[in-house]
Amino acid sequence: MVPAAHVLRWQVGAGVVELERYWTPAPTAVPQRYEDAVVALRELLSDSVRLRLRSDVPVGSSLSGGVDSSAIVALVGEIAGDHTRHAFTAHFPGFERDEWRYAEAVARAAGVVEHHAVEPTGDGLLGELDELIAAQEEPVVSSSVYAQWCVMRAAQRAGVVVLLDGQGGDELFGGYSGMGGYALRSGAPRELLEGLAHGSARELTRSLAVDYLPRSLARIHRRRIASPYAARELVSTASAREPAYLPWMNAADPLRRELLLQGFVTSLPQLLRYADRSSMAHGREVRLPLLDRRVAEFALSLPAAFAFRSPTTKRILRDAVRGLVPEMVLARSDKVGFETPQSAWLNAPSARERIAESLLDPRARARGLYDLDAVEADVRAGRWRDPGAIWRALNLERWLCLFADADASGASSPLISASARG
């Protein structure tokens, strides 16, 4: 895969491949007063959204109910005037982590004309898994990708060609768990003491451990949290790999260095790839106002205290859209991340049967990638001990069936057997 912010040139016939970086975030001037920085960010965001609303086809928005997508929908509502607006939200009735009520509050406040509830199901997930993996061309890390897939299909059916999305806010403004520790290490001593007083000691310790504990201890930790369904040799090999800061990131303060790692190596490239594949599979275009170069360089030039003030993450982004986004959304401290009822879906009796059929197939057994004793034990127990890990094992096996086995034999076995179809 071509790394972020690079261009690859291939000279046909000459066999020459050149990889060149075309952009590295440059420091930019940021107002010293927090209140002025909030105003400056609001102006940047508004202009970024304005530019991405330009289209001769219908434009809508993905809306999860989190701060990032809510900010985009709210700004669209402010800018687009009487333009008919569509928003699409994955909705999981009865699921305790469902975000529909937040998304609906945002849609009402922004004057969204058509708020589409998209309701993915567990049966749909397994029934379309092969199609999803074929479009992605790689195993997908969680079923949230399927929820995104369903949102794109709903947009296609509604005739909305362009979707604005809030991707990138966590990686630019420090929205993920643990970022408070890096922010406290990057700020003034007063901010460090204030953060400790508000209960951020654990995040601080965690960030120090990541940066300074011996790599051998980190590998031991990764082995402890590894999938119970992976063969021991696979766990040993995978636990030895770890993301590394690129040379140009090393001069940054701890928070900025970690945000650059997330933006260019660990988190954002993968998420953008999923979104691009899912949207293109349904002929939709996704535009990302938060990843405007001006917004990114502004965010990565902020003092750490502007992004995080214990216990509030993405502080300046929340304040930049205050008055547009409902307070119930801005006050959220939970991080859901487009979560689906994955555990319930995969633990349904019919789902367990289909997953076991795939992972205990003779070809799967012969690969030596899975701890088959663990899979069989959970089948007998009637419940997966780690639904996220069984999902990843299933994805890997389906990917191998679709690509490796199909290349060898010209055909792949379906996830749902003829007997299971009835």
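Observations on the structure shown:
- On Cα atoms only, tilt of 34-52 relative to the major axis of the chain in degrees: 60
- Of L324, L8, G195, farthest towards positive along the dipole that unit charges on Lys, Arg, Asp, Glu beta carbons give the chain: G195
- Taking a ≥ b ≥ c as the square roots of the eigenvalues of the alpha-carbon gyration tensor, the stretch 11-129 is classed oblate because a/c is 1.5 or more while a/b is no larger than b/c.
- The simple Förster model, with R0 at 22 Å and r as the Cβ-Cβ distance, assigns D334 and E78 a FRET efficiency of 0.25.
- Cβ-placed point charges (K, R +1; D, E -1), dipole of the stretch 29-167 about Cα centre in debye, nearest 20: 460
- Linear extension gain, L8 paired with A348, 0.36 nm per residue minus alpha-carbon span: 117.9 nm
- Computed over neighbours whose Cβ is under 13 Å from that of D319, the net charge equals +4, Lys and Arg +1, Asp and Glu -1.
- The H on the amide N of H116, modeled in the peptide plane, is under 5 Å from the matching H of A87, F88, T89, each at least 5 residues off or on a different chain.
- Here the dipole of the stretch 1-85 is about 160 debye; that uses its Cα centre as origin and unit charges on the Cβ of Lys and Arg (positive) and Asp and Glu (negative).
- Available extension along the chain between D253 and V210 is 14.0 nm, counting 0.36 nm per residue and deducting the alpha carbon span.
- Longest DSSP-loop-exposure-free segment, trypsin sites (Lys or Arg not before Pro), the chain, at most 15 other Cβ within 10 Å: 98-240
- Look at the Cα gyration tensor of the stretch 86-129: its axes a ≥ b ≥ c give a/c of at least 1.5 with a/b at or below b/c, and that counts as oblate.
- The mean sequence separation of alpha-carbon pairs under 8 Å and at least six residues apart, normalised by the residue count of the chain, gives a relative contact order of 24 percent.
- Computed FRET value (nearest 0.05) for E20 with L246, which takes r as the C-beta separation and R₀ as 22 Å: 0.90
- Annotation: amide H of G65 within the under-5 Å range of S70, sequence separation 5 or more or interchain, hydrogens built in the peptide plane.
- Annotation: extensible slack from E137 through H282 equals 50.7 nm (criterion: 0.36 nm per residue apart, minus Cα-Cα distance).
- Size-normalised alpha-carbon gyration radius of the chain, reference 2.2 N^0.38 Å: 1.04
- Mean residue ellipticity (222 nm) of the chain, computed from DSSP H runs ≥ 4 via -39,500 (n - 2.57), nearest 500: -14500 deg cm²/dmol
- Integer Hz, Karplus 6.51/-1.76/1.60 couplings in order for the stretch 176-184, x for Gly and Pro: 7, 4, x, 5, x, x, 5, 5, 5
- Chymotrypsin sites (Phe, Trp or Tyr not before Pro) within the stretch 52-153: DSSP coil, no more than 16 neighbouring Cβ in 10 Å: F95
- Cα-centre dipole for the chain with unit charges at Cβ (Lys and Arg positive, Asp and Glu negative), debye to 20: 780
- Taking the chain as a Gaussian network of alpha-carbon nodes connected by springs under 10 Å, the highest mean-square fluctuation of the residues W384, W248, W345 belongs to W248.
All of the numbers you see were taken from the coordinates with simple rules; none came from a lab. On a predicted model such as this, the values are computed, not experimentally measured, just so you know. Here the Cβ is made from the backbone with ideal geometry for all residues, glycine too, and neighbour counts use every protein chain on show.
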